[in-house]
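Here is the structure we will look at, set down as structure tokens.
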Amino acid sequence: MPRANYRILSTKPLPQDLVHTAAQHGIAIVAQAFIDVQPVITGDMRKRILELSSAGGVLVFTSPNAVKFVTSVWMHSENANNLAARHRVYCLEGATRQAVEERMRNVVIEGTGANSLELAKRIVKDGIADKVIFFSGNIRRPDLPDHLQENGIGLEEMVVYHTVETPAALNEDYDGILFFSPSSVRSFFTSNSLPAGTVCFAIGGTTAAAIGMFTNNRVITSPGPSVAKLVETAIFYFDNINCYE
């Protein structure tokens, strides 16, 4: 294993294969979770989610956590094996799409988007006439529901999880920080500031904008909204650091 020339902090745990890949490039990744995600599915919500398992519908996901908590309810449904045939799914690219493919096997994904507004525009373009069921967390941008309602598409939103910030003070410096959401950015900067040379890596434009509210350090945005793409972006940066000077 190559000696670590650079150290990166990830603001959430990463799959070990990505940590190993980074290590092959001389980059050591340390993980520290700065947010916690908690399901908030009530009895009435559970009943409604189970109704949807048999009735079907147009389902929208902008978070892998929403996919996880909704499908956890469906796992014990007698209709679980028939979900794919009953639902039309729209979701964000990257981690959310991967969660849909893994937890809703054989489902046909009607459309994807790099961000919530792009996804909403795709739904409008497809001329969806049915009411859309949007599963979300308590912290989400208004782009998708606002755009759908402005274009006359009915919306039922269910908040199935809460994001809780868990700030932690660092006792050492890093060459780079990986950020995966505006919530993780806020949580991180609640207790920390960065040395001028630390590079911030953002999983998307919204996260990059949040970073810019707290620091003037260099921010590099991943070309795709996935954990793997963000790690690849950091590896490319440090492999070609002289090009950025």
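Brief remarks follow.
- Positive minus negative residues near Asp126 (Lys, Arg vs Asp, Glu; Cβ under 12 Å): +2
- With a threshold of 28 Å on the Cα-Cα distance, the over-threshold entries among Lys12/Lys121; Lys68/Lys229; Lys47/Lys131 are Lys12/Lys121.
- Looking at the chain alone, DSSP beta bridges between its own residues are antiparallel in about 15 percent of cases.
- Take each peptide in 166-176, 6-16, count the other Cβ atoms within 10 Å of every residue, and average; sorted highest first, the result is 6-16, 166-176.
- Per-pair calculated FRET efficiency, R0 = 22 Å: Trp74 and Asp36 via Cβ, rounded to 0.05: 0.40
- The stretch 82-186 - share of DSSP beta bridges that are antiparallel (%, nearest 5): 0
- Along the stretch 104-118 the Karplus relation, 6.51 cos²θ - 1.76 cosθ + 1.60 evaluated at θ = phi - 60°, assigns HN-Hα couplings of 10, 4, 6, 5, 8, 7, 6, x, 9, x, 6, 8, 5, 5, 4 Hz to successive residues, with x for each Gly and Pro.
- Projecting the Cα atoms of Ala28, Leu14, Gly43 onto the charge dipole of the stretch 1-54 (Cβ charges, centred on the Cα centre) puts Ala28 farthest toward the positive pole.
- Comparing mean-square fluctuations of Gly224, Gly197, Gly57 from a GNM of the chain with C-alpha springs under 10 Å, the top value falls on Gly197.
- Within the accessible area of the stretch 1-136 (1.4 Å probe), percent carbon and sulfur: 46
- Per-residue [θ]222 nm for the chain (sum of -39500 (n - 2.57) over DSSP H runs n ≥ 4, rounded to 500): -11000 deg cm²/dmol
- Alpha-carbon Debye profile of the chain, log10 I(q)/I(0) at 0.08, 0.14 Å⁻¹: -0.34, -0.94
- Where only alpha carbons of the stretch 1-76 are counted, the Rg and the Dmax (Å): 18.9, 56
- Accessible area of the stretch 164-237 belonging to carbon and sulfur atoms, whole % at 1.4 Å probe: 53
- Burial order of peptide ranges 95-103, 58-66 (average beta-carbon count within 10 Å, highest first): 58-66, 95-103
- Ranking by accessible area, most exposed first, for Phe236, Phe34 with a 1.4 Å probe: Phe236, Phe34
- Average accessible area per residue (Å²) across the chain - probe 1.4 Å, nucleic acids and ligands excluded: 49
- Dipole of the stretch 94-245, positive direction: furthest Cα of Phe135, Ala168, Ile235, with charges on the beta-carbon: Phe135
- All C-alpha pair distances within the stretch 80-172, sorted into 10 Å bins from zero, spread as 14, 43, 30, 8, 4, 0 percent across the bins.
- Net charge dipole, the chain: roughly 280 debye, given to the nearest 20, about the Cα centre with Cβ charges of +1 for Lys and Arg and -1 for Asp and Glu.
The values are calculated or read from the model by the stated rules, or taken from the named source; none is laboratory data. Since this is a predicted model, take the numbers as computed values, not measurements. Using ideal geometry, Cβ is built from the backbone for each residue, glycine included, and neighbour counts are taken over all protein chains shown. Remember, those area values only see protein heavy atoms, side chains included, never the ligands or the DNA or RNA. Shrake-Rupley method; radii C 1.70, N 1.55, O 1.52, S 1.80 Å.
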